[in-house]
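Reviewing the structure listed below.
What follows draws every value from the coordinates through simple rules; no lab data is involved. What you are looking at is a predicted structure, and each value in this text was computed from that prediction instead of being measured. Heads up, the Cβs are rebuilt from the backbone with ideal geometry, glycines too, and the neighbour counts pull from every protein chain shown.
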Amino acid sequence: MTASSQSNLSRRGLLKLMGGLAAASGVTALIAACGAPAAPTAAPAAPKPTEAPKAAEPTKPAAAAPTSAPAAAAPTAAAKPTEAPKAAAPTAAPTAASKPAAATGGKLVVWNSPSFNKIADDAIGSVYDAWCKANGATLDYQVIAANEWNNRVTAAIQAKQVPDVIYTFESDTMFYRAQDLLADVTDTINAAKNTEGGIFEAGLLAVGYQGKYYGVPYVVNPWVMHTRIDILKEAGVEYPKTWDDMIAMSPKVSKPPTIYTLAMDLSNDGDSNSHLIPFFFTFGGAMQNEQGALTFKSPETLAAIEKVKEMYTKKLIPPGAIGWNDSSANNKAYQSRQCVFTYNPNSIYAYLDESDKPLRDVTGMYGQPAGPKGSYDLVDVRGFSAFKASAGAKNADGAVAALKWFIDLKNYEKVIETGLNRWAPIYKNMMDRPMWSEKPAYKEYKRIMQNGRATYYAGPPNAALQEVANQYILAAMMNDVVTGAVDPAKAMQTAYDKMVEIYKKWKQPVA
């Protein structure tokens, strides 16, 4: 094995679909530096990395020339997420289910995003490696840095030099599917749907389109507000119930530039979308409606934009947040004790559990503070898809067989059990295992899974919204707003106009 270096669910839908869970110093420079953001591209979305052991001072990202998605049949809007086909009977013994009909030999190329948890990255690679060894193949497993991902994937697609298996995040699967790049793996999903209480519907929705599946989900990933409970206790304050509460307590808990209140990512990387869109939810804003029509421009979204500006102006947010070129920068800020709060998957806590137990012991995981319309949290889905031979995959058949092997319970549970609670599993009953129930911090984590929304709430995942994310239109808008370069209403309009053009290109409706 070789390796590189290392809802659309509506709230009520996700509550229904995931309800089974209820039963079941350079560091200061890092957060203060203010670099220019890179030019947005329409490349596939950069995966969400989660943490690195040490903080590194960010550099100014090089501007990438804008590109556009290859022409493709436009996805159709769906009033509601497509209902999954009825589950097939459980597969036979795991070994039999995992074994393809015939060995393919050759080489299997897998591109993954980094978790910055070597044990977790290696656990994923080992499952693919086991498939290769069982089938006379060799593995080229690459964990690609987030700041390289867009350019690598875009170039690979254009040159038809794609990997066989590729990591997907949120609407990535729909973005690639709309370009006719992905293999149909419906048989694999149908064979797995009765395993361990079934696959969470959020996972199926992310990879499904009109009753077929174009990838396998491998984690359902709730986002939580990592919180320095020791600092709150020392300041004599409780966890903030609202964003205004957080603003009010900020002078008591922060000491800029040494420690800031909230490490919110406002730069051209994957976390900016995942920080801003759930923030919009708490004000009543959303990117689209249940029909998949663009709804970004609204009084509710404008109010959220203005609140972020207020938080930035009052120095709750590090000034360098508009120039971070690494979507684990907020992780590093927290791990380096440079912020009180940051919003992230539980990867920060998992890292602390392994590498910094003193900080782990004073870290809590909570849902977001509420805005005028309540408190809502992000739940993302990550998966793997197989490129077609026509897209340039050299081992397309092997890739499909390897995905079947990967989500077979006998193999898949190794990824979850050795991943140090890095991810929540796709199979519902796996959340009842001791690795989750024995740690008090995960009590709130489970509740958040029930209340979560994906970035493409309230409609289905689609290529248009993914391209909006890929171009970091929201980050560019917030850069203009928080620096005072553009009035918030005008900045929102400019962002909306860009989104409309993208939605028209993909023949996606605009409300």
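Worth a mention:
- Residues whose placed amide H lies under 5 Å from that of residue 181, excluding near-sequence neighbours: none
- Kirkwood Rh, Cα atoms: Rg over Rh of region 276-377: 1.02
- In sequence order, region 387-393 has phi-based couplings of 6, 6, 4, 5, 7, x, 5 Hz under the Karplus curve 6.51 cos²θ - 1.76 cosθ + 1.60, θ = phi - 60°, and Gly or Pro positions carry x.
- Net charge over other residues, Cβ less than 12 angstrom from the Cβ of residue 491 (K, R count +1; D, E count -1): 0
- Look at 480, 172, 184 and count the other Cβ atoms within 10 Å of each Cβ; fewest to most, that gives 184, 480, 172.
- Unit charges at the beta carbon, dipole of region 240-285: most positive-side option, 268, 257, 278: 257
- Restricting region 190-279 to trypsin sites (Lys or Arg not before Pro) that sit in a DSSP loop and have at most 15 other Cβ atoms within 10 Å of their own Cβ leaves 241.
- The simple Förster model, with R0 at 25 Å and r as the Cβ-Cβ distance, assigns residue 362 and residue 410 a FRET efficiency of 0.05.
- Lysine pair count for region 188-264 with Cα-Cα distance under 20 Å and sequence separation of 8 or more or different chains is 5.
- Computed 3J(HN,Hα) for region 304-309, one whole-Hz value per residue from the Karplus formula 6.51 cos²θ - 1.76 cosθ + 1.60 where θ = phi - 60°, is 5, 4, 5, 5, 4, 4, glycine and proline marked x.
- For region 458-472, 3J(HN,Hα) computed residue by residue from phi via the Karplus equation (6.51, -1.76, 1.60; θ = phi - 60°) reads 9, x, x, x, 7, 5, 4, 5, 5, 5, 4, 5, 4, 8, 6 Hz, glycine and proline entered as x.
- If R0 is taken as 51 Å, the Cβ-Cβ distance between residue 159 and residue 439 corresponds to a FRET efficiency of 0.65.
- A Förster distance of 56 Å, applied to the separation of the beta-carbon atoms of residue 315 and residue 417, puts the FRET efficiency at 0.85.
- The ranking of 324, 131 from fewest to most other beta carbons within 10 Å of each one's beta carbon is 131, 324.
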